[in-house]
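Report on the structure given below.
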Amino acid sequence: VQLQAFGGGLVQPGGSLRLSCAVSGRIPYINIMGWYRQAPGKQRELVATITRGGYTNYIDSVKGRFTISRDNTRNTMYLQMNSLKPEDTADYYCNAESDGMYYWGKGTLVTVSS
């Protein structure tokens with residue numbers, strides 16, 4: 001099982017980016033998926049999660065700006081990020097849980113700077 005996150009890049013403050021996470025390999029059933037981020041010198045933090053049924057949860061600092069979604073038929077998850085701020089700069093990682101197993105993808109770097 002492999003997770004691949006992509007879509008990061010350099011964006012100006014106030015701009016938008018859309019991250020994607022594709023899951024490949026034999027994974028029978030994905031329950032919760034989530035996006036995490038790790039800024040330089042800081043611990044990795046949970047950004048948002050989404051259940052298979054579409055229930056979402058966000059950390060306070062991204063509420064109203066980020067939207068997490070998923071396509072169960074394609075085992076793909078997305079993170080639409082709007083009104084980006086310099087403090088959103090981080091490596092963003094995707095995570096998937098299936099039958100008690102947790103899978104991680106490599107990060108994609110998001111840099112918010114003018």
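In segment 76-89, the residue that is most open to solvent (accessible area, probe 1.4 Å) out of those that are over 10 Å from the mean Cα position of the chain (by Cα) and closer than 26 Å to Arg52 by Cβ is Asn82.
The residues in segment 8-45 that are under 13 Å from Ile68 (Cβ atoms) and over 9 Å from the mean Cα position of the chain (by Cα) can be counted, and the count is 2. Selection of segment 90-114 for residues being modelled with pLDDT under 95, charged (D, E, K, R) and assigned to a strand (DSSP E or B) yields Glu97, Lys106.
Scanning segment 55-75 for residues that are open to solvent by less than 30 Å² (accessible area, probe 1.4 Å), at pLDDT 95 or above and polar (S, T, N, Q) turns up nothing.
Among the strands (runs of 3 or more DSSP E) confined to segment 1-73, there are none with at least 2 residues that are out of contact with any strand residue (DSSP E or B) (no Cβ under 8 Å at 6 or more places or on another chain) and closer than 23 Å to Gly100 by Cβ. Filter segment 26-40 for residues that are over 16 Å from Val110 (Cα atoms) and open to solvent by 50 Å² or more (accessible area, probe 1.4 Å) and give the result. Matches in segment 26-40: Arg26, Pro28, Tyr29, Ile32.
Are any of the residues in segment 77-84 closer than 16 Å to Thr111 by Cβ and in a strand (DSSP E or B)? Yes, that holds for at least one residue. Residues of segment 41-76 that are farther than 19 Å from Thr108 by Cβ and basic (Lys, Arg): Arg52, Lys63.
The values are calculated or read from the model by the stated rules, or taken from the named source; none is laboratory data. Quick caveat: nothing in here was measured; it's all calculated off a predicted structure. We place every Cβ from the backbone using ideal geometry, glycine too, and count neighbours over all the protein chains shown. SASA here: full protein model, heavy atoms, side chains in, ligands and nucleic acids out. Shrake-Rupley method; radii C 1.70, N 1.55, O 1.52, S 1.80 Å.
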